[in-house]
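Have a look at the structure below before the remarks.
The values are calculated or read from the model by the stated rules, or taken from the named source; none is laboratory data. Predicted, not measured: the structure shown is a model, and the values here were computed from it. Ideal geometry is used to build each Cβ from the backbone, glycine not excepted, and the neighbour counts take in all protein chains shown. Note: accessible area is taken over every heavy atom of the protein model, side chains too, but ligands, DNA and RNA are not part of it. Shrake-Rupley method; radii C 1.70, N 1.55, O 1.52, S 1.80 Å.
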Amino acid sequence: ARARNTVRAAEYWVSAFGDRGIRSLLFDSVADFLNERLAAHLAALTAGEATVEASALTALKGGGTKERLSLATSWAWGAGGYAAQSAGQRRRVDLPLFLSLQDLAEQRSARPFDLRAWDEPESHLDARGRELFAAWAQAEARRRGTGLFITQSEEMAGLLEPDRTWTVVLDSEGSRVDVV
């Protein structure tokens, strides 16, 4: 009976506000937190060169707004919206957004996460982006106690200065892990 009542309540909200309206309402409840975390991560990962604001509303070309999740991105030296940016610039925006969503999940969890993990986040980053990310990742790993960084780039591994390196080797005999 309790589950049926919960389903009925959810169906009411969807019928009253629509699927998009429900998503916008939920997003509005976390937008301030996400924007604050986005600003903090962007400061570290773009050296203050970019700003991003997440919103549940999208500006329409003819004026007005529409309920739709959007990111308004700008760079200090002129790159327009997200689509006009280079792959490296988009990656330097994607990483802070991804990290902000991880922060939201952690904030809503019962206990803090002691680990931050990345799987080849340096792809598409230019040299400056890789340096900024490596510095940020090291600080974040120290703060949390552990960082797991997966990369095929020896350059990135060198920038990270890891305490321990595990190398996964795949050859004709199968795979093995070498710990350095």
Kindly list, by first and then second residue, each pair from a residue in the range 168-180 that is closer than 16 Å to residue 151 by Cα to a residue that is assigned to a loop (DSSP other than H, G, I, E, B) and open to solvent by less than 90 Å² (accessible area, probe 1.4 Å), limited to pairs with Cβ atoms under 7 Å and residues at least 6 apart or on different chains. 180/165
Checking residue 52 against (1) modelled with pLDDT of 85 or more; (2) surrounded by fewer than 17 Cβ atoms within 10 Å (Cβ to Cβ), only one condition comes out false. Which one? (2)
Given the condition open to solvent by 40 Å² or more (accessible area, probe 1.4 Å) and in contact with an Asp or Glu (Cβ under 7 Å, 6 or more places away or on another chain), answer yes or no: does some residue in the range 55-63 qualify? yes
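Rundown of residues vs (1) over 17 Å from the mean Cα position of the chain (by Cα); (2) at pLDDT below 85, yes/no style:
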residue	(1), (2)
131	yes, no
136	no, no
140	no, no
155	yes, no
161	yes, yes
If you scan the range 71-115, which residues turn out to be open to solvent by 30 Å² or more (accessible area, probe 1.4 Å) and hydroxyl-bearing (Ser, Thr, Tyr)? 74, 82, 86, 109
Please identify the pairs in which a residue from the range 110-121 that is of a type outside the set (D, E, K, R) has its Cβ atom under 7 Å from the Cβ atom of a residue that is part of a strand (DSSP E or B), counting only partners at least 6 apart or on another chain. 115/146; 115/148; 117/148; 118/149; 118/150
When you scan the range 116-125, how many residues do you find that are surrounded by 10 or more Cβ atoms within 10 Å (Cβ to Cβ) and either in contact with a Gly (Cβ under 7 Å, 6 or more places away or on another chain) or among the acidic types (Asp, Glu) (or both)? 5
